[in-house]
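The values are calculated or read from the model by the stated rules, or taken from the named source; none is laboratory data. Small disclaimer: the values here were computed from a predicted structure and weren't measured. Note: ideal-geometry Cβ built from the backbone for every residue, glycine included; neighbour counts use all protein chains shown.
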Amino acid sequence: MTAVNNVRHWLLAPVLLLMILLGGCDIGNKWGDEKGREEGTLKVISSIVPLSYFVERVGGEHVAVSVMVPPGGNPHSYEPTPQQMVQLGEASVFVKAGSGVEFELDWMPRMMSLNGDLQVCNASEGVELQPIKRHAAAHKAQHYHAQFDPHFWLTPLNGVRIARNVERALVAADPANAAAYKANAGALVAELEMLDKEIRTTFGGVTKKRFLVFHPAWGYYANAYGLEQIAVEEEGKSLTPLQMQRVIQQAAAHRISVIFVSPQSSESQAAAIASEVGAKLGRVDALAYDYQANLRNATRAFVESMQ
């Protein structure tokens, strides 16, 4: 982010604070309905859509949840709207990924300056974060840099960690409903543990273990189930011709039949690679709301691509 943008955002903070104090702003989300305005309902913001699933499952009827990065938004480049910053001033809990998502790194200091009483739940607490696997240069071996892959939520057992972290945050913010939060979290944890076993069983008979994705979001998933993720994109940048050629050669060498793209990524380069190697495009979403259904759908798609 440029120095000009930094100045612009910091100058905006007093204006947003005044808007919070004056109120009367239609924020156009769940807090605007009757349930969201009931006295005693805990107002929670999650940074990304998948985390809102955990808040709603653990919080149940006692929470009203909103999301900073909306469906289809890109957490690597998103900037909150003024209305969302107003909403932040009304929240009791903010659930962040805490794993290096650029949106959070850029905006957390300003968020806290608008609401000093905001309780922050780090959803990745207790998760062993993985370094991002990068290409040093074309035709050279891959190596690791000291930067973590932010997509930790894409395994059910990391989902268990998220559920427990959210549970602790909600209990701390609203002790009166602690029993409900603990019961809801326990039920969700049991489902996630069963989902992990289900996915392991699904891959048990699969011999081909590689899949190719345009955006490298599925590294935790691949490591959890003994797979190899081949990623096309690096740092959200378009590929150079030399990088395109490297990916085409790699896809051909591994007989890749499907290149997976996400709703947040451009399909044009993925389609060009697919055309070169005779593959088709598949779709998986790392940021879908329905967490368990999404992992089942992704598992099914990956298995089919490995046949």
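Just name the residue that is surrounded by the fewest Cβ atoms within 10 Å (Cβ to Cβ) out of those in region 280-296 that are in a loop (DSSP other than H, G, I, E, B) and touching a residue at least 40 places away in the same chain (Cβ under 8 Å). Give the derivation first.
First, pick out the residues of region 280-296 that are in a loop (DSSP other than H, G, I, E, B): 284-290.
Checking which are touching a residue at least 40 places away in the same chain (Cβ under 8 Å) leaves us with 284, 286-290.
Values: V284: 27, A286: 23, L287: 24, A288: 18, Y289: 16, D290: 13.
Restricting to residues being in a loop (DSSP other than H, G, I, E, B) and touching a residue at least 40 places away in the same chain (Cβ under 8 Å), the top hit is D290.
In region 91-112 there is at least one residue that is over 27 Å from A298 (Cα atoms), modelled with pLDDT under 95, of a type in the set (K, R) and touching a helix residue (DSSP H, G or I) at 6+ places or on another chain (Cβ under 7 Å).
Is there a residue being of a type in the set (S, T, Y), closer than 19 Å to G72 by Cβ and under 17 Å from the mean Cα position of the chain (by Cα) anywhere in region 220-229? No - not one qualifying residue is present in region 220-229. Under the condition of being outside any loop (DSSP other than H, G, I, E, B) and in contact (Cβ under 8 Å) with a residue 60 or more places away in the chain, which residue from region 213-228 is surrounded by the fewest Cβ atoms within 10 Å (Cβ to Cβ)? Restricting to residues being outside any loop (DSSP other than H, G, I, E, B) and in contact (Cβ under 8 Å) with a residue 60 or more places away in the chain, the top hit is N223. Look through region 245-273, keep the residues that are of a type in the set (V, I, T) and part of a helix (DSSP H, G or I), and return whichever of them is surrounded by the fewest Cβ atoms within 10 Å (Cβ to Cβ). If we take residues in region 245-273 being of a type in the set (V, I, T) and part of a helix (DSSP H, G or I), then I248 is surrounded by the fewest Cβ atoms within 10 Å (Cβ to Cβ). Check region 235-244 and report whether any residue there is outside the structural domain of E102 (by TED's automatic domain parsing), surrounded by 14 or more Cβ atoms within 10 Å (Cβ to Cβ) and in contact with a Leu (Cβ under 9 Å, 6 or more places away or on another chain). The answer is no, given that none of the residues of region 235-244 is outside the structural domain of E102 (by TED's automatic domain parsing), surrounded by 14 or more Cβ atoms within 10 Å (Cβ to Cβ) and in contact with a Leu (Cβ under 9 Å, 6 or more places away or on another chain).
Here R246 passes the criteria (1) at pLDDT below 90; (2) closer than 30 Å to V55 by Cα except the one numbered (2). Taking the criterion of being outside any strand (DSSP E or B), at pLDDT below 85, under 16 Å from I230 (Cβ atoms) and in contact with a helix residue (DSSP H, G or I) (Cβ under 8 Å, 6 or more places away or on another chain), the residues of region 113-151 that qualify are A138, H139. Do we have G186 as at pLDDT 95 or above, in a helix (DSSP H, G or I), surrounded by 16 or more Cβ atoms within 10 Å (Cβ to Cβ) and of a type outside the set (V, I, T) here? Criteria not met by G186. Across region 61-69, not a single residue is classified as assigned by TED's automatic domain parsing to the domain that holds A172, farther than 28 Å from P156 by Cβ and among the small types (G, A, S).
Looking at V86, V69, which one is in contact (Cβ under 8 Å) with a residue 24 or more places away in the chain and part of a helix (DSSP H, G or I)? Working first, answer last.
Working: V69 fails: part of a helix (DSSP H, G or I).
Among V86, V69, only V86 is in contact (Cβ under 8 Å) with a residue 24 or more places away in the chain and part of a helix (DSSP H, G or I).
Table: residues versus (1) farther than 30 Å from G40 by Cβ; (2) modelled with pLDDT of 95 or more.
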position	(1), (2)
K182	no, yes
D196	yes, yes
K209	yes, no
V277	yes, no
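Residue by residue through region 251-266, note down the ones that are within 11 Å of I230 (Cβ to Cβ) and free of Cβ contacts under 8 Å to residues at least 24 places away in the same chain. Answer for region 251-266, where residues must be within 11 Å of I230 (Cβ to Cβ) and free of Cβ contacts under 8 Å to residues at least 24 places away in the same chain: just A253.
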